[in-house]
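A.B. asks: My structure is below; once you've seen it, I'll send some questions.
The values are calculated or read from the model by the stated rules, or taken from the named source; none is laboratory data. Given the structure is predicted, the values throughout are model-derived calculations rather than measurements. When we count neighbours, we look across all protein chains shown, and the Cβ atoms used for this are built from the backbone with ideal geometry, even at glycine. Heavy atoms of the whole protein, side chains included, go into the accessibility calculation; ligands, DNA and RNA do not. Shrake-Rupley method; radii C 1.70, N 1.55, O 1.52, S 1.80 Å.
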Amino acid sequence: MHVVATAGHVDHGKSTLVRALTGTDPDRLAEEQRRGLTIELGYCWTSWPEVGEVAFVDVPGHERFLTTMLAGVGPVPAALLVVAADDPWMPQAAEHLAALDALGVRHAVVAVTRADLADPGVAAARAADEVARTGLV
């Protein structure tokens, strides 16, 4: 089984992307549903013919929940760094990327969300530049 953790700024669509990829909502708590905000780690999995079983650990993006985020990404081999096309590079994205690097996560995929609201090329280029400064590939 492959395990991938999300990373990125609050409200950039980490949970929505995991839901789209797996068909399961990682935000299972009533408070998360009410606030539209991930508070606890969310776990979802799926099976893809090309790669087999893939499990996602959806982490909170809000700065108040950084310790929960660290618990979710610590043991993973890969991350899905989510950035929104209609926002600049944000503080929690930088913090999450630094944490991934410090914890030895070596593989990442950048996903640009909300590409219908702005040119995704700008966000993708900035994220690629930021990732290039780390040990992630």
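A.B. asks: Considering only DSSP beta bridges with both partners in the chain, what is the antiparallel share in %, to the nearest 5? Could the numbers behind the result be given before it?
C.D. replies: Numbers: 7 of 22 bridges.
Within the chain, antiparallel bridges account for around 30 percent of the total.
A.B. asks: Ignoring any ligand, DNA or RNA, what whole percent of the accessible area of the stretch 52-105 comes from carbon and sulfur when the probe is 1.4 angstrom?
C.D. replies: Details: 1200 of 1970 Å².
Exposed carbon and sulfur together represent 61 percent of the surface.
A.B. asks: Right, something else. Find how much the distance from LEU70 to GLU53 grows on full extension, using 0.36 nm per residue of separation minus their present alpha carbon separation; answer in nm with one decimal. All intermediate terms of the calculation are to be shown ahead of the outcome.
C.D. replies: Values: separation 17, 0.36 × 17 = 6.12 nm, distance 2.32 nm.
Taking LEU70 through GLU53 to full extension adds about 3.8 nm, to one decimal.
A.B. asks: Show log10 I(q)/I(0) for the stretch 1-131 at q = 0.20 Å⁻¹, two decimals, from a solvent-free Debye sum over equal Cα scatterers.
C.D. replies: Values returned for q = 0.20 Å⁻¹ are -1.17.
A.B. asks: Okay, moving on. For the stretch 30-137, what is the accessible area per residue in Å², given a 1.4 Å probe and the full set of protein chains?
C.D. replies: On the way: 5500 Å² over 108 residues.
In whole numbers, the stretch 30-137 has 51 Å² accessible per residue.
A.B. asks: Probe radius 1.4 Å, ligands and nucleic acids left out: which of GLU31, GLU50, GLU130 has the largest accessible area, and how do the rest follow? Could you put the intermediate results ahead of the total?
C.D. replies: Numbers: GLU31 75, GLU50 150, GLU130 30 Å².
Ranking GLU31, GLU50, GLU130 by accessible area, largest first, yields GLU50, GLU31, GLU130.
A.B. asks: Let me ask you something else. Show the residues, 5+ positions off or on another chain, whose built amide H is closer than 5 Å to the amide H of ALA79.
C.D. replies: For ALA79, the qualifying residues are ALA5, HIS107, ALA108, VAL109.
A.B. asks: For the stretch 28-61, list residues with backbone N below 14 Å from a point placed 7 Å from the Cα of HIS2 toward its Cβ?
C.D. replies: 45-57
A.B. asks: To the nearest 0.05, how large is the calculated FRET efficiency for ASP119 and ALA98 if R₀ is 22 Å and r is the Cβ-Cβ distance?
C.D. replies: It comes to 0.25.
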